[in-house]
Amino acid sequence: MNRIRDLLDRDLSRPIEENATDRIQAVLRKKETQEFILRELFRDRGASLIQNVKLERCSRRTEFDEDEFVQLYPYLPHLIDLSIDIALGIQQHPNAPKRGAGGNRSIPTLAFEMLVSERTLLADQPVGVLVSIDKIYELVEGSLPPERRKDVLDVRQRFDGDKDYPGMAGRVAKAICLMEFVQTDFERTAKNIAALLVQSVTEAPPIFAVNAMLYAMQQAQFARETEGGWTLFDFEELRRAPDALEGLKNAVGTVNPRPPGWHNDLIQFVKRSVARGLAWYVRPQYDFDALVTRTLGTIIWGLDHLSRNVAANLSTNMVAFDRHSMDLVALEKRLAQSEKRNACLAESMQQMQEQLDLLHQQVRTLPKSENRRTADRTAYVIGLFGSGRRYINELILDNIGERAQYFRDTIRLHPGPTPMIYSGHATMRHVSRGQESPAVMSRILEAVGSGFANLIFVYRHPLDSLLTNWIWWRTFLRDNKSISGVSQVHKTTDHLCADLEQNFLDFESFAAGDHDFFTGAPGPRFLSLPEFVEETELHLESTALALRLEDFTIDPCKEFSKIVEVLSVDLDLSRLCIAPPRTKPYGYLAVKDKVPRFRDFIDGLNAETKRRIERIGYNVGG
């Protein structure tokens, strides 16, 4: 039981009608057999949660008891009331669309969409996730005035790439935008914004992140602090100012109404007489107000005129800008080519130096025994991406003594035998991102066939490698960060399953070898799963020593002894203590049990891929 969907008594595959009589309690009704999960959650975290979502300078009740929490989860009670006020405020806004995404739908309907909409999809989130005000924005965005949506979009484009608080500026802007539609006492303070952005039972209000983003938005004039709290900049407020000033100007010198009656008529007559008598006194005030109104009108006209001129000049200069951009791109391309040539030259010089050093080493070892000459064969440790090669590298470096000084985590080709040990990724048929080309692998096989090189191939269950490679490449492309294992991103299998469930289309794109997965990162694509399995089979057919990573979890000393034998290293294996790999073997099975779409993906593999997986020694289903 790890998803909100599993707690609910309602069938989420059946949509709720706009005019349905269902109340929000019916939409969020929980299965009686599963209520204990939420009750235990409230008993553990309820007190701290109530403190985290408490609002200041506000009469709204944010406290709730255990029954209210269970009944309305993943909503908190005050978020229901706030949703109602927001929907009413949007309906009353003069610039709101006539038919919007939030204003014309009931709160129960919005609660249902909060669970199943592709923009929120809370039903598939782990238990403990809460509705926050920025998630409400995702549902009602279509009903907001266009200028407010653009304000939020501008903030996101400007600040969501902040390295300390990525994405937080957009959430803060969404919160402010919706809070402005609430008409009752509800100050938009930083603390209140942070409290409404709490999106998990265990999360503290992000007050430091909110303050940092508010300061940045204020400095860039995207937001300002007023008597009612923080607000997004609104040019329409300046447009409305002349109308408000005109009304106040017309009110100068007017007599307030009184109930009918002869005595009130007499009082009104006296007051009007006094007002007419003071006309000479208030006439300068009339002139001043008229001048201010005309001045504001001129300012607004000037700003509009300036905006149009800027737009026209921008259009005129776009051609020149594009031309300069093309010249810059061409210059950068030539610079990159020059740097590439220099890098190739430096690499060639390094290879020549290494070959010279190796030649000297060979000359020094000529008088030695035939056994030593046999040991001085170039060794290649090859594994496809995500197959456990890094673990084998660590074993070699830590346990083979002096021979470790010849280890390199790269691949070099030599015309004769050497004591070097090279480790890397290489394919035999398909060109792949992050792996040496088939041409390089062909040269290695030629060296092995000539008798002056040894080859060790490391492999692992392809479905375990698939999950590892998806997480690795996605983290590298999105965060420009290399990781050593899935555990750096997902501490538990449940976290991995939730990520996979939420981003399954992205996973399928990677598994299919889709070029779009690597959009924005020039270069070839990575292997699809069928290609990965085919490459593994080809390597096994061409390798004398193949090592399964799973076998190291059973008897690591036995498997490492095979490496020692190939490297002809003189070691006392009885004194070695070899640690098994940290990676759990066949981890894909736990994911398969928890993520139905992943199970369907495995069942849907083509027959040839399934046969190849079985031929390399693995089961497909478990």
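For this structure, a couple of remarks:
- Test: residue in region 520-538 that is over 28 Å from Ile444 (Cβ atoms) and either in the same structural domain as Gly604 (by TED's automatic domain parsing) or surrounded by 20 or more Cβ atoms within 10 Å (Cβ to Cβ) (or both): yes
- Among the candidates Asp494, Asp499, Asp464, the residue that is part of a helix (DSSP H, G or I), touching a Phe, Trp or Tyr at 6+ places or on another chain (Cβ under 7 Å) and charged (D, E, K, R) is uniquely Asp464.
- Options Thr109, Thr184, Thr189: the member that is of a type in the set (Val, Ile, Thr) and either surrounded by fewer than 17 Cβ atoms within 10 Å (Cβ to Cβ) or outside the structural domain of Asp65 (by TED's automatic domain parsing) (or both): Thr184
- Residues that are over 32 Å from the mean Cα position of the chain (by Cα) and of a type in the set (Ser, Thr, Tyr) within region 44-93 comprise just one, Ser59.
- Qualifying positions in region 67-91 - closer than 16 Å to Ala47 by Cα and assigned to a loop (DSSP other than H, G, I, E, B): Tyr73, Leu76
- Residue within region 196-206 that is more than 20 Å from Phe233 (Cβ to Cβ) and at pLDDT below 90 present: no
- Those residues of region 162-180 which are assigned to a loop (DSSP other than H, G, I, E, B) and in contact (Cβ under 8 Å) with a residue 40 or more places away in the chain, in sequence order: Asp162, Asp164, Tyr165, Glu180
- Candidates are the residues of region 41-90 that are of a type in the set (Ser, Thr, Tyr) and touching a helix residue (DSSP H, G or I) at 6+ places or on another chain (Cβ under 8 Å); the one that is surrounded by the fewest Cβ atoms within 10 Å (Cβ to Cβ) is Thr62.
- Criterion: at pLDDT below 85, more than 30 Å from the chain's Cα centre (by Cα), buried (at least 16 other Cβ atoms within 10 Å of the Cβ) and not in a helix (DSSP H, G or I) - qualifying residue of Ala96, Ala101: Ala96
- Note on region 603-619: among residues that are surrounded by fewer than 16 Cβ atoms within 10 Å (Cβ to Cβ) and in a loop (DSSP other than H, G, I, E, B), the one that is farthest from the chain's Cα centre (by Cα) is Gly617.
- For beta carbons closer than 7 Å, sequence separation of 6+ or different chains, a first residue in region 190-216 that is polar (S, T, N, Q) and a second that is part of a helix (DSSP H, G or I) and surrounded by fewer than 20 Cβ atoms within 10 Å (Cβ to Cβ), the qualifying pairs are Thr202/Arg45.
- Some residue of region 572-582 being buried (at least 17 other Cβ atoms within 10 Å of the Cβ), in the same structural domain as Gln502 (by TED's automatic domain parsing) and either touching a residue at least 12 places away in the same chain (Cβ under 8 Å) or within 30 Å of Asp124 (Cα to Cα) (or both): yes
- One residue stands out among those in region 409-439 that are surrounded by fewer than 18 Cβ atoms within 10 Å (Cβ to Cβ) and hydrophobic (A, V, I, L, M, F, W, C): the one that is nearest to Arg525 (Cα to Cα), which is Val431.
- Considering region 510-602, the qualifying helices (runs of 4 or more DSSP H), each wholly inside and each with 3 or more residues that are at pLDDT 90 or above, over 23 Å from Arg390 (Cα atoms) and of a type outside the set (Ser, Thr, Tyr), run over 588-594.
- Across region 506-519, not a single residue is classified as among the β-branched types (Val, Ile, Thr) and surrounded by 17 or more Cβ atoms within 10 Å (Cβ to Cβ).
- Residues that are part of a helix (DSSP H, G or I) and β-branched (Val, Ile, Thr) were ranked within region 469-491; the one that is surrounded by the fewest Cβ atoms within 10 Å (Cβ to Cβ) is Thr475.
- Cβ separations smaller than 6 Å between residues 6+ apart or across chains give no pair from region 334-356 residues that are on the phi > 0 side of the Ramachandran plot to residues that are surrounded by fewer than 10 Cβ atoms within 10 Å (Cβ to Cβ).
- From the list Arg148, Arg119, the one residue that fits, being within 18 Å of Phe222 (Cβ to Cβ), basic (Lys, Arg) and in the same structural domain as Gln221 (by TED's automatic domain parsing), is Arg148.
- For region 386-403, residues that are touching a residue at least 12 places away in the same chain (Cβ under 8 Å) and part of a helix (DSSP H, G or I) total 10.
- Looking across Thr475, Thr492, one residue alone is more than 17 Å from Phe601 (Cβ to Cβ), out of contact with any helix residue (DSSP H, G or I) (no Cβ under 9 Å at 6 or more places or on another chain), of a type in the set (Ser, Thr, Tyr) and in the same structural domain as Ile456 (by TED's automatic domain parsing). It is Thr492.
- Test for Asn454: is it part of a strand (DSSP E or B), touching a residue at least 24 places away in the same chain (Cβ under 8 Å) and surrounded by 15 or more Cβ atoms within 10 Å (Cβ to Cβ): yes
- Checklist (1) at pLDDT below 75; (2) under 16 Å from Leu55 (Cα atoms); (3) of a type in the set (S, T, N, Q) applied to Asn256, failing item: (2)
- Test for Ser423: is it out of contact with any Phe, Trp or Tyr (no Cβ under 9 Å at 6 or more places or on another chain), closer than 26 Å to Glu531 by Cβ and either among the hydroxyl-bearing types (Ser, Thr, Tyr) or not assigned by TED's automatic domain parsing to the domain that holds Phe510 (or both): no
- Number of the condition not met by Phe476 [criteria: (1) modelled with pLDDT of 90 or more; (2) in contact with a Ser or Thr (Cβ under 9 Å, 6 or more places away or on another chain)]: (1)
- Residues that are outside any helix (DSSP H, G or I), closer than 28 Å to Val595 by Cα and modelled with pLDDT under 80, drawn from region 4-54: Leu8, Asp9, Arg10, Asp11, Leu12, Ser13, Arg14, Pro15, Ile16
The values are calculated or read from the model by the stated rules, or taken from the named source; none is laboratory data. All of these numbers come straight from a predicted model, not from anything done at the bench. Note: ideal-geometry Cβ built from the backbone for every residue, glycine included; neighbour counts use all protein chains shown.
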